[in-house]
1. When ranked by the protection proxy of mean other Cβ atoms within 10 Å per residue, highest first, what sequence do the peptides 109-116, 88-95 form?
2. Just subtract the alpha-carbon distance of ALA249 and SER164 from 0.36 nm times their residue separation and send over the number in nm, one decimal.
3. Given a Förster radius of 25 Å and the C-beta distance between HIS267 and ALA303 as r, what FRET efficiency does 1/(1 + (r/R0)^6) yield to the nearest 0.05?
4. What aspartates and glutamates does LYS140 reach when the alpha-carbon gap must be under 19 Å and sequence neighbours fewer than 8 apart in one chain are set aside?
5. Tell me, in nm to one decimal, what length is gained between SER318 and LEU119 on full extension, where the rule is 0.36 nm per residue of separation less the Cα-Cα distance?
6. Fully extended, how many nm does the chain gain between ASN296 and HIS102 (0.36 nm per residue separation, minus their Cα-Cα distance)?
7. Give the lysines whose C-alpha is closer than 24 Å to that of LYS186, dropping any in the same chain fewer than 8 places away, or say none.
8. Counting other Cβ atoms within 10 Å, which trypsin sites (Lys or Arg not before Pro) in the range 130-204 have at most 11 and lie in a DSSP loop?
Amino acid sequence: ALPAKSSSAVNEAILSIFQDINLNILAYGPAEAVEVNNVAKHYFNSQGKNIRPNMTLLMAKAVNSHLGLDLDFNVYSQQMKVAEVAEMYHTASLMHDDVLDHAEVRRGRPSVNSLWGELSSIRGGNFAVGLASSEVAKLKNDEVLYCMSKILESLVIGELQQMSASHKGNNSDARFQRYLAKTFNKTASLMAYSCQSAAILAECKAGQDRQLSTMAYNYGKDMGIAFQLMDDWLDFVVDAEQLGKPSSADLKLGLATAPVLFACEEHPEAMGPLIERKFSGPNDVEKALKIVMKSNGLNKTKALAENFCQSAILSISSMRYSQAKSDLEDMLKFVLCRMR
Ligand code: FPP
Ligand code: MG
Ligand code: MG
């Protein structure tokens, strides 16, 4: 079981194992692309948590250790590139996301769109995707190229699934399945495919079949779904200043996330109509907030996130012990108690 520790102790312990890889990312931008480069750099210079690249690097180290490749710097530097690309794709998606969501704040500072306008934000995102994708191509590994491309496809599909989510006439099971499918595409796919890619690079070097990379994929997938469940939980629990972005944002955007869907199972008459009209009526957001708070929706969301974390631990249980494997397990504790 995951031991109960105070949030701040676990937060600090986990963040201390994180590498600062921002400088490597910045090094790729050609100097002549000044405008777009500055826009792209805005978030890389800020206080992001770097969860995705750190997870990818820990997975790389755990798999390398399992296969006896610990000292193969060539493989590790390729895996480092995958980690950097993961963060670049993520940041690019945020530049597009903040335009779609009309977000003014990101990572505790003004968003790119609020500083330089929506078109700049889209261009900055496209630039980061282009830059990162050419780094993937340089790895000359078709399987990794396929996995990393699936991230871009999945992120866009996830956003489309979220936009088009119509809740009319759906039973709660169907709603929940759609929410989980969207959550995989929007959040977990990036973690799953980055971990898988790091493991594939090691398996190729060691001449192994694809068992470890399947485990790595499953770890990333389950950790990613847990991460998004907690993100959706935080949106109800933490105030905007602590979060570094507005809270109750999902309701205001018309989105029914896990806490709302669970609350709806307990109070279908009250919550159902609000979900169907996407909280667009007068005071709908406040009404939905009240129903969530009097239901077990938040507890159930956290319990589901814990289940996904347990499943992520199981996915890598047959990997040989290493510090990195232990750090991957610790990272799941961070997911469950992070406050931003
Ligand atoms: C944040 O979600 C957004 C994402 C996880 C993905 C957004 C993806 C796109 C906009 C597709 C475009 C992708 C690329 C690679 C250019 P959120 O809005 O729920 O979270 P937030 O509160 O952090 O804004
Ligand atoms: Mg957003
Ligand atoms: Mg969004």
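We did not get these values from a lab; they are worked out from the coordinates using the rules stated. These numbers come from a predicted model, not from an experiment. Cβ placement follows ideal geometry from the backbone for every residue including glycine, while neighbour counts extend to all protein chains displayed.
1. Values: 109-116: 18.8, 88-95: 24.2.
Put in order of decreasing packing, that is 88-95, 109-116.
2. Values: separation 85, 0.36 × 85 = 30.60 nm, distance 1.76 nm.
Length gained, ALA249 through SER164: 28.8 nm.
3. On the way: r = 18 Å, r/R0 = 0.74.
Rounded to the nearest 0.05, the efficiency is 0.85.
4. Cα-Cα hits under 19 Å: ASP72, GLU84, GLU203, ASP209.
5. Gain on extension, SER318 to LEU119, equals 66.9 nm.
6. 66.8 nm
7. LYS41, LYS49, LYS81, LYS150, LYS168, LYS221, LYS245, LYS252, LYS278, LYS300, LYS302, LYS333
8. Working: sites: LYS138, LYS140, LYS150, LYS168, ARG175, ARG178, LYS182, LYS186; in loops: LYS138, LYS140, LYS168.
Sparse-neighbourhood loop trypsin sites (Lys or Arg not before Pro): LYS138, LYS140, LYS168.
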